[in-house]
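Just below is one structure, and these are the notes that go with it.
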């Protein structure tokens, strides 16, 4: 039946063209944004997962920054301790030379004093971003001997946790203003002379200028040399601890970077558009759109043939 009120062919053509236009718009959006799932309406589950993982990746980026700051702080302390060990080695050599009877110990002491000042200077300058791990003051209300470096961010069952790398300054500090409990300002007392001293303290640094060739003074000098040697051992342990922390931070930095890349790849597999597929689909839809327009045009003109039935 031919009807001028209801053009079934035109309605079908229009419906098909509308669907094609909708698909074409979707393909164009995917190409312009690069996303197959750009918002929750595209795929709520995938969008939710991608949004959460992007947030976690941003947190990991902050962890990476924290590791960089921690690595710089540890490296500063590590470098300073290594330099200090070399200076203490020189002090030890000077003291061994002073053990020789008849030598001018006052002149040797002048050299030792300069080395002691150098040690205090090294520790005081070993600061990064306002933090000094070698010269501390444990009487400061804000002092905490346990330093932590944020090293990881993880999520399990919706619960997040922050991992840290811990460094105990009690094992690495060289000077402590409050109670002289650092490696270089810890006090010792000679057995014979009863003199209290530290290796490089600001007020009680060891002084051999007054020692003579007496049996008691030479015994005290040998005792001081032994203390210096034990200090070198403690500083070596401190450098070892800092070096191990430095290596661990470096490993963690590589891991966090790899983890961020893996998360980015995972999110991409969920929501990124396949540009090869979308470009092919776009071309097919453009052709289909053109055919739809022509089909609708043909359907609309078909009703014109009804006029021929009424011509005289």
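For this structure, a couple of remarks:
- Search result, residues across region 121-154 that are within 16 Å of residue 181 (Cβ to Cβ) and either in contact with a helix residue (DSSP H, G or I) (Cβ under 8 Å, 6 or more places away or on another chain) or at pLDDT 95 or above (or both): 123, 132, 133, 134, 135, 136, 145, 146
- Failed item in (1) more than 25 Å from residue 68 (Cβ to Cβ); (2) at pLDDT 95 or above, with residue 239 passing the rest: (1)
- For region 63-75, the count of residues that are free of Cβ contacts under 8 Å to residues at least 60 places away in the same chain and under 26 Å from residue 236 (Cβ atoms) is nonzero.
- Counting the residues of region 99-109 that are loosely packed, with under 14 Cβ neighbours inside 10 Å and in contact (Cβ under 8 Å) with a residue 60 or more places away in the chain gives 3.
- Only residues that are surrounded by fewer than 16 Cβ atoms within 10 Å (Cβ to Cβ) and out of contact with any helix residue (DSSP H, G or I) (no Cβ under 6 Å at 6 or more places or on another chain) were counted in region 208-222, giving 8.
- Residues that are touching a residue at least 40 places away in the same chain (Cβ under 8 Å) and part of a helix (DSSP H, G or I) were ranked within region 267-276; the one that is nearest to residue 147 (Cα to Cα) is 267.
- Just one of the numbered conditions (1) touching a residue at least 60 places away in the same chain (Cβ under 8 Å); (2) over 30 Å from residue 224 (Cβ atoms); (3) in a helix (DSSP H, G or I) is not true of residue 55: (1).
- Every condition in (1) touching a residue at least 24 places away in the same chain (Cβ under 8 Å); (2) within 30 Å of residue 48 (Cα to Cα); (3) surrounded by fewer than 20 Cβ atoms within 10 Å (Cβ to Cβ) is met by residue 179 except one, and the failing one is (2).
- Among the residues making up region 168-221, those that are over 47 Å from the mean Cα position of the chain (by Cα) and part of a helix (DSSP H, G or I) are 215, 216, 217, 218, 219, 220, 221.
- Checked against the criterion of being assigned by TED's automatic domain parsing to the domain that holds residue 63, touching a residue at least 60 places away in the same chain (Cβ under 8 Å) and under 30 Å from residue 30 (Cβ atoms), the candidates 264, 279 yield just one match: 264.
- Residues of region 1-20 that are exposed (fewer than 15 other Cβ atoms within 10 Å of the Cβ) and either at pLDDT 80 or above or more than 21 Å from residue 304 (Cβ to Cβ) (or both): 11, 12, 15, 18, 19.
- The residues of region 91-139 that are part of a strand (DSSP E or B) and in contact with a strand residue (DSSP E or B) (Cβ under 7 Å, 6 or more places away or on another chain), listed by number, are 135, 136.
- Test result for residue 226, over 30 Å from residue 36 (Cα atoms) and loosely packed, with under 14 Cβ neighbours inside 10 Å: yes
- For region 213-231, a tally of residues being closer than 17 Å to residue 112 by Cβ and without any contact (Cβ under 8 Å) to a residue 40 or more places away in the chain returns 5.
- Taking the listed residues 96, 112, 37, the one that is buried (at least 17 other Cβ atoms within 10 Å of the Cβ) and more than 30 Å from residue 290 (Cβ to Cβ) is 112, with no other qualifying.
- Meets criteria (modelled with pLDDT of 90 or more and assigned to a helix (DSSP H, G or I)) for residue 289: no
- Residue 142 meets each of the listed conditions (1) assigned to a loop (DSSP other than H, G, I, E, B); (2) touching a residue at least 40 places away in the same chain (Cβ under 8 Å); (3) out of contact with any strand residue (DSSP E or B) (no Cβ under 7 Å at 6 or more places or on another chain) apart from (2).
The values are calculated or read from the model by the stated rules, or taken from the named source; none is laboratory data. As the structure is a prediction and not an experimental result, all values here were calculated from the model. Cβ atoms come from the backbone with ideal geometry, glycine included; neighbour counts cover every protein chain shown.
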